[in-house]
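Right, one structure below, let's go through it.
The values are calculated or read from the model by the stated rules, or taken from the named source; none is laboratory data. Computed from a predicted model, the values in this text were never measured in an experiment. Positions of Cβ are generated from backbone atoms using ideal geometry, with glycine treated the same way; all protein chains shown enter the neighbour counts.
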Amino acid sequence: MTPLHLCLLISTALFCIGLFGALARSNTILVLLGIELMLNAANINFIAFWRYGPSHGAANGMIFVLFSIAVAAAEAAVGLALIIAVYRHQKNIRLQEATVLKG
Amino acid sequence: MTLPVQLLWLIPALPLLVAGIGALTRHRGVALAAIFAMAGSFALSCLALAGALQDPSVHATYNFAWFDLGHGALRLGFLLDPLTALMTTMVTFVGTLIFIFSLGYMKEDKNFSRFFCFLSLFAAAMLGLLVANSLLLLFVCWELVGLASYLLIGFWFHKPSAAAAAKKAFITTRIGDLGFLLGLLWLADSTGSLLFYDGGQGVLEATALASLSGQTLACGLALSTAIGLLIFCGAVGKSGQFPLHVWLPDAMEGPTPVSALIHAATMVAAGVFLVARVYPLMSADALLAAVPVHALTVVAFIGAITALMGALIACAQNDIKRILAFSTVSQLGYMMLALGVGSSTAAIFHLLTHAFFKALLFLGAGSVIHAAHHEQDIRQLGGLRTKMKVTFATFAIGMMALSGVPFLFSGFWSKEAILHAAHEWDVSHLPLYAGLCAVVLTAFYMTRLVAETFFGKPRSHGAEHAHENSAVMTAPLVILAVCAVLLGFLGTPYWPWLQKTLDPHYEATHGGLGLMLLSIGLVGAGLGLGWALYGRKLRTTAAARDPLDTAAPAVMAVLADRLGFDELYAATVGRLNSATAAFADFLDRYVIGGLVTFLAQLGIFSGGVNRQVDEANLNGGFDAVSESVRGSGLFYSRKQTGETHGYLRVVAVAFVLLALVLALGGVR
Amino acid sequence: MIVALIIIGVLILGSAAAAMLRRNLIHSALLLVASWTGVAAFYLWAGAEFLAFAQILVYAGAISMVVLFAVLLTRQSRDAELPVEPATVTRTASAFAVTASLAAVIGAAVSTARFPASAAEAPSATVKEIGLDLMQEHGAALLIVGIILTVALIGATVIASTDKKRDPEDAP
Amino acid sequence: MKCLLSTLILTPWVGTLLLALTPRLSPKVSRSVALLFSLSTLGFAALAWSGFDPAAPGYQFVEQHAWIKLLNVSYHLGLDGMSLALVALTGLIAPTALLASWKLERDPRLFNLLFLFLQGAALGVFLALNFFPWFICWELSLVPAFFLIKLWGGPGASRAAYQFVVYTIGGSAFMLLAFAALFAATGTFDFVELAALARDGGLASAIPAPALGAIFLGVLLGLAVKVPLFPFHTWLPSAYSEAPTGASMFLTGIMSKMGVYGFLRILWPLFPAQLHAAAPVLLALALAGVVLGAFAAMAQTDLKRMVAYSSINHVSYCLLALFAVAGASSLNADASTAALSGALLQMFNHGLSASALFFCVGILENRSGGKRGLLDFGGVRTAAPVFAGFCGVALFSSLGLPGLNGFVGEFLVFRGVFGLAPWTAAIGCLGLFATAFFLLTFWQRVFHGPQSPAVAAGFRDLSTQEIVTLVPTVTLMFVLGVYPQLLVSLFNPLVTAWAVHLP
């Protein structure tokens, strides 16, 4: 059991917790936060492989995570704005009720 | 001082000007203007007459181009010869008097100025007709005269009978005019000209006449005969000759001055004038022996039939104006008879005298009608002799002139001339006999008319309160009466001035004394018979039966019904006309319209069939494909629940599977 | 080292799991802040100090604030808290099944994986290096991310702003 | 002067565009604008008239530019005496018709817009010398006519408009096919070139006789529907009677002339031999139009239909003259000249009198609240003497009374036809008789007799504006009746040349 394994296990667990939240909770904010957790799990993986990966020198892992954080921020902003818009429309934020876009 | 032919157009132009003014204004002064214009035209006509009399054998012409046609032009022209000059003088003189009479007669009418406008239009057209040197110009004026007649007959257009009579007159004369038009076209086509006299090129000059009478048609007629007869059709219509006479009695619906001017003195005589004008053409076939019929023979018989028929019917009429109208028909028949038997001078002589005494009679009738509060039925009148002395005196003169009372009255001389000519005609004596019968009848019905109207006791309220009219109406009567007496002396066998003027080659024939005595006897018989039946035992009530009616009710009923011509025409021509119209409408609406609709329906139907075929075959396969696409689309769209959790779940399961695949397969 | 990692891991996972399970949204949000801080700690542990600060700034600072605002703006009345429905039970069960199977697959894969040995020293990543790297090698990506952020912010503003014209129609 | 003809055609279209671009225009302004643009035709026609030399052979003011090189299509405009007379007629009738529609309530802007469009198209037909632009204008004229009838017409307008347009398009489809075939054989669409080919026998050598006959039939069909020639006329009574007054005036005054113009400009010069061969049949058809048209009019009780049938009767005179000339077996230059002059005069005269008559019937219809039956009226003359006067002049002009314009044309037609086909003229006289009969019936029933309820209820006499509408037309009736030289001088040299060269 190397530190890398441990890191990966932690990230796997975090990912699964996020996934569970996204799938199980009906509150849209929590779903969004679950997705954020999954992103964080992915970021942990990047850093873990950057730290313990076979090749050194390149700061690619870090750069990737930086971008990922930026995208996550954008996602959170747009997502929460959408949630507010949905709330204004249907007076709650239960995801299962927001089915206007069905085919 | 004479009027040169170049200025001849001034004669019709003066009344035309007044007509134009009258069309634009309703001022009562139009009447005075019309009278002055007529008087001016009369003065000009006298000047023209003076010029024409200087050398009666000359046909002075003035031709001008109307418009370009091909390399040449369509030409019209004016003609001045004694015939024209005498006619214009007569028309303007009688016209002036009648215009003056109308001042009084129409005083109360609210369309007073319009009446004079129409009268002036008529005068202009009539004078234009007289001065024309072109058959086309003559035709133009001929139609305009018809228009004026139409407008004036229908002057009281709010009366349906007047409106119908106007239409009947126009349509009936137009039937004749179509023949005239065809004759004119034929003439134009075969000679290339329509000018009467054109320095040797005119249609009435030797070259053209020789060529026309030289050609023979398929039916054996000479070309000139055919053209002449077609032109004569126009005269038949306009002059109320049998069989187109039916409109003239109805035309009495117009105001009485109109009847006097148009339907007695001038327009109806235009037919006679026309035949006299184209007399060289009508008689061009006279020397041909092999033709089945000569144009003038037809004219003579038509005239004879009309003269006799008109006189017969006149005996059974009760309306004062109708009696005079049928008398006009009869007298016009005389003129045609004269033309037909070869004496155009006698015809014109009678035309002139007739114009005066018939205008006199009509104006006298108008005077009676005006005085008797528009009572026209002679059975309702009576006793006017003492109430209207001037009218009675002048009317009596007119009556005697018309009846042909010997020596003093103009009608006698002109009628004698006609009978004399008929006697000399070598084709047949039938027209002469018809004319002699008509002499008796004329004297008879005129006696009846005078006796019923002026003698006895008044038989109605209108006649009771009648009194003599104002001078503006009686003065023309007196002047006309004087003329009705004097005019006869212009053409007596002992001093045939008129005949010589009209026909420089005229030679007075002698030896007609026996015929003259016979006709004097016949006039006396007619007068005596009339007086015996109506004068000795005067009618006492309006309802009393006519002695003739008692004697021969069936004959009189037929005559009173005008020999049933109106009914006959209504049953034949009228019905044919409406049947043709109905047929044309049916053809249009159902046959052709139906065909079009059928074709359209056929088009729509084939379109429908086409569509069915398309849908069954071509579209079938395509539809199946698109239906399956649609079905799958529907299937997948049903999967689109909009449930975000569902989508997420699918993504997650896919992710698990992906991970499983990667893990089992190994990274490498 | 390992111990520190385990402690960090427990912090991350514990707070995350608690956040996902709490009913109270405010609590969830606060617990998530703890979890993100744990992730930042992990970055520190791994030697990526710059990232750790970025994580704290962005997540614990910015996003958590936005989340809190959203939570407060969309607060529902008590009676809107629906009782547990059969649908919710099914959903939770299926989510658990999926999650568990994923955890099993990846966990097994990770634990059985063999990785080549690595250097004990953490690779150097000073701020200067990162900056140079970003500006030189990843300049284009940096620009694009900037644009994405701008667009996202404008979009978020537009979406969330009250549309005066459409309001009456949207109102039930 | 260089682009006079293009200006002539385009000015009404500019007016259309102007009206189309200013939707908020008040009705008053839009009417004035439309009238102004419509009157421009009269002005330009006067300009062309002043610069026109009747004696010069061929076309004048010619404009020719290559247009579609691939199809050898050129933008070719030209003017001769016949076109000039018709352009002048358009310039006269179109503003009159606009004035007649002055009181139109419903969307006057759109009405005027469509009307100007129609006017431009008609002018294009009269001036184009290449089939391509000619046909475009020919078909374009249908579009506004359709909407004018359908939108502003009477109760049966929709059906009448469809029938009119479908029938006419059906006819012109054959014409288009025929010209496509001609183009395939000769490679040109130009009327002048085609006529030259026909004259020197190039057409007959390029196309076998049966095919040429079929082409002739196609063109004939297209034109015959438009005129209309006898059995193709059933669209006319309903279209004319359902159309609004202004449109009826334009339809009868100008559109029916387009067909006759086509006969003279296209069919005769291009297919003289075929026309000669078909002349006996066509002569019979034209004669049927003359006689049956008049008799059918006699059977009508709807005044508008009556006038519409009289229109069939009158345009048939023009065709009668043409067919008689084309079918003449021997040269009779005098008669041919007379017939052709008569036909051209008749075209102009009928434009004047028929549009005036339609206007008068429109007034009757307007004043009585939509009634137009023969028996609905009576005694109008006492209520409206001025109107009666004007209408009477129009009636008698239509009837062919000498002294008014109608006579000269009809006389010349009969003069010519009699010389070329005497029996036809003799039978045609029946038409003259029937025309007199039904027009007098019209006059007697409507204007004479006691006042009918519809009239007694208050029949206003003509307003000043209506008098202004009628005065130019009626004045011209008198002027042309007395002095036809005014018009004849325009086309006499042309007709003289035709009479000698073409048959």
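Data table
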quantity	calculated
Among (1) polar (S, T, N, Q); (2) surrounded by fewer than 24 Cβ atoms within 10 Å (Cβ to Cβ); (3) under 29 Å from B:Y506 (Cβ atoms), the one test that B:T25 misses	(3)
Unmet requirement for D:G389, which otherwise passes all of (1) within 7 Å of another protein chain (Cβ to nearest Cβ); (2) surrounded by fewer than 23 Cβ atoms within 10 Å (Cβ to Cβ)	(1)
Hits in segment B:133-166 (condition: surrounded by 23 or more Cβ atoms within 10 Å (Cβ to Cβ) and touching a Ser or Thr at 6+ places or on another chain (Cβ under 7 Å))	B:N133, B:G146
Test: residue in segment A:39-49 that is part of a helix (DSSP H, G or I), over 11 Å from the mean Cα position of the chain (by Cα) and within 12 Å of chain B (Cβ to nearest Cβ)	no
Conditions (1) within 30 Å of D:A497 (Cβ to Cβ); (2) away from chain D (no Cβ under 14 Å): number failed by B:L136	(2)
Matching option when the condition is within 46 Å of the chain's Cα centre (by Cα), of a type in the set (S, T, N, Q) and within 28 Å of B:I378 (Cα to Cα), among B:T572, B:T597, B:T541	B:T541
Boolean, D:A354 is within 11 Å of chain B (Cβ to nearest Cβ), touching a residue at least 40 places away in the same chain (Cβ under 8 Å), under 24 Å from B:A584 (Cβ atoms) and under 21 Å from the mean Cα position of the chain (by Cα)	no
Lone unmet requirement of (1) in contact with a His (Cβ under 9 Å, 6 or more places away or on another chain); (2) within 30 Å of B:N111 (Cβ to Cβ) for B:V30	(1)
Condition met for D:T469 (farther than 30 Å from D:L340 by Cβ, facing another protein chain (nearest Cβ under 9 Å), polar (S, T, N, Q) and in a helix (DSSP H, G or I))	no
Set D:S30, D:S6, D:S38: member being more than 26 Å from the chain's Cα centre (by Cα) and among the hydroxyl-bearing types (S, T, Y)	D:S30
Complete set of residues in segment B:563-583 that are polar (S, T, N, Q) and either surrounded by 13 or more Cβ atoms within 10 Å (Cβ to Cβ) or within 18 Å of D:N313 (Cα to Cα) (or both)	B:N577, B:S578, B:T580
Residue within segment A:83-103 that is more than 14 Å from chain B (Cβ to nearest Cβ), under 30 Å from C:G131 (Cβ atoms) and either assigned to a helix (DSSP H, G or I) or modelled with pLDDT of 85 or more (or both) present	no
Restricting segment D:166-198 to residues that are surrounded by fewer than 18 Cβ atoms within 10 Å (Cβ to Cβ) and in contact (Cβ under 8 Å) with a residue 60 or more places away in the chain, the residue that is nearest to the other protein chains (Cβ to nearest Cβ)	D:V192
Residue identified as within 12 Å of chain B (Cβ to nearest Cβ) and either part of a loop (DSSP other than H, G, I, E, B) or over 30 Å from C:L132 (Cα atoms) (or both) among A:L80, A:L14, A:L6, A:L32	A:L32
Scope segment D:437-454; condition outside any loop (DSSP other than H, G, I, E, B), of a type outside the set (K, R) and surrounded by fewer than 24 Cβ atoms within 10 Å (Cβ to Cβ); matching residues	D:F437, D:L440, D:T441, D:Q444, D:P453, D:A454
Candidates B:V609, B:V555, B:V591 - the one that is more than 14 Å from chain D (Cβ to nearest Cβ) and either under 30 Å from D:F438 (Cα atoms) or at pLDDT 80 or above (or both)	B:V609
In segment C:5-18, the residues that are in contact with a helix residue (DSSP H, G or I) (Cβ under 6 Å, 6 or more places away or on another chain) and closer than 23 Å to C:L44 by Cα	C:L5, C:I8, C:G9, C:L11, C:I12, C:L13, C:S15, C:A16, C:A17
Matching residues, segment D:47-79, being without any contact (Cβ under 8 Å) to a residue 12 or more places away in the chain, among the small types (G, A, S) and part of a helix (DSSP H, G or I)	D:S50
Matching residues in segment C:29-53 - criterion: being of a type in the set (A, V, I, L, M), within 19 Å of A:R51 (Cα to Cα), at the interface with another protein chain (Cβ under 8 Å from one of its Cβ atoms) and in a helix (DSSP H, G or I)	C:V39, C:A46, C:L51
Scope segment B:312-355; condition over 21 Å from the mean Cα position of the chain (by Cα) and under 22 Å from B:M473 (Cβ atoms); matching residues	B:D319, B:I320
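Conditions (1) among the small types (G, A, S); (2) surrounded by 14 or more Cβ atoms within 10 Å (Cβ to Cβ); (3) touching a residue at least 12 places away in the same chain (Cβ under 8 Å), marked per residue:
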residue: B:L599; (1), (2), (3): no, no, no
residue: B:I604; (1), (2), (3): no, no, no
residue: B:E615; (1), (2), (3): no, no, no
residue: B:E627; (1), (2), (3): no, no, no
residue: B:Q640; (1), (2), (3): no, no, no
residue: B:L648; (1), (2), (3): no, yes, no
residue: B:V653; (1), (2), (3): no, yes, no
residue: B:G665; (1), (2), (3): yes, no, no
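Per-residue answers, yes or no, for (1) of a type outside the set (K, R); (2) free of Cβ contacts under 8 Å to residues at least 40 places away in the same chain; (3) out of contact with any helix residue (DSSP H, G or I) (no Cβ under 7 Å at 6 or more places or on another chain):
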| residue | (1), (2), (3) |
| --- | --- |
| B:L24 | yes, yes, yes |
| B:I35 | yes, no, no |
| B:F42 | yes, no, no |
| B:L53 | yes, no, no |
| B:V58 | yes, yes, yes |
| B:D68 | yes, yes, no |
| B:L83 | yes, no, no |
| B:K107 | no, yes, yes |
